[in-house]
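The values are calculated or read from the model by the stated rules, or taken from the named source; none is laboratory data. Just so it is clear, the model here is predicted, and its values are computed rather than measured. Using ideal geometry, Cβ is built from the backbone for each residue, glycine included, and neighbour counts are taken over all protein chains shown. Ligands, DNA and RNA are excluded from the accessible area calculation, which covers all protein heavy atoms including side chains. Shrake-Rupley method; radii C 1.70, N 1.55, O 1.52, S 1.80 Å.
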Amino acid sequence: MNDSVTVLDKTFVKYLSEADIDAAEQRVADMINRDYKDDDVIILITLNGAIFFAVELLKKLHVKCRVSCIKLASYNGTQSTNTVQNLIGLTEDLRDQRVLVIEDIVDTGHTYQHITNMLKDSGMRDMRIATLAHKPDAYKLDLPVHYVGINIPNKFVIGHGFDYNGYGRNFPDIYQLKENR
């Protein structure tokens, strides 16, 4: 893939290759396989961004699991709105279940907090979160991020599920917004 791409009105430069991403996904899968080897787990994928990470991760998992999806939205352009909208809600009965939430990115933590609040009265046994990317400098919560593929700086990224106004998710590499100098 190219060293830079233009999406709508923004230019992005390559930050992580598909091979780097695959290695990060394998690290996360290894941890999940270890931690859930003797359990059933419901894997709850957050749409749309986590589709790409989830598909690759699921191929690497060897645990007994069911898969379900929820759809949330919290971005407008390149900025978090700090408000999370439920677009498609939970349809699974989580009573006495272990739940693993698959996120594409954990940055401010607003979506993670929203999911935690949404599931708190479900009767689940426990909940953990796995994310391809984590922005520790943007993260403001005390909630643990259990499985992290890659820690990245607090810069806007696209590719491998991350988007800019719906575009760029399909790039196999991850690109970072180019800084204007």
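For K37, the lysines whose Cα falls under 16 Å of its own Cα, not counting residues fewer than eight places away in the same chain, are K59, K60, K64.
Charges at C-beta only: +1 for Lys and Arg, -1 for Asp and Glu. How large is the resulting dipole of the chain about its Cα centre, in Debye rounded to 20? Before the final figure, lay out the partial values.
Working: 21 positive and 25 negative charges, 28 e Å.
With only Lys, Arg, Asp and Glu charged at Cβ, the dipole is about 140 debye.
Using the 1.4 Å probe convention, the accessible area of the chain works out to 51 Å² per residue with neighbouring protein chains retained. When both bridge partners sit in the chain, DSSP labels roughly 40% of those beta bridges antiparallel. Each Cα pair under 8 Å and six or more residues apart adds its separation to the average, and for the chain the resulting relative contact order is 26 percent. Using a cutoff of 8 angstrom between alpha carbon atoms and counting only pairs six or more residues apart, the relative contact order for the range 107-181 works out to 24 percent. Taking a straight Cα-Cα cut-off under 20 Å and skipping sequence neighbours fewer than 8 places away in the same chain, the lysines within cross-link reach of K10 are K155, K178. Relative to the longest principal axis of the Cα atoms of the chain, the long axis of helix 110-119 lies at roughly 20 degrees.
At R0 = 35 Å, how high is the FRET efficiency between S122 and N2 if r is their beta carbon distance? Nearest 0.05 is fine. Display every interim value, and only then the final one.
Working: r = 44 Å, r/R0 = 1.25.
For R0 = 35 Å, the calculated efficiency reads 0.20.
Here the peptides 127-137, 102-112 are ranked by packing, the mean other Cβ count within 10 Å, and the order with the highest first is 102-112, 127-137.
A value for percent of Cα pairs over 20 Å apart was derived from the coordinates, and within the list (i) 58; (ii) 55; (iii) 52 it appears as (iii). Return one number: the angle in degrees, 0 to 90 and rounded to the nearest 10, between the long axis of the Cα atoms of helix 50-60 and the longest principal axis of the Cα atoms of the chain. Here the helix axis deviates by roughly 60 degrees.
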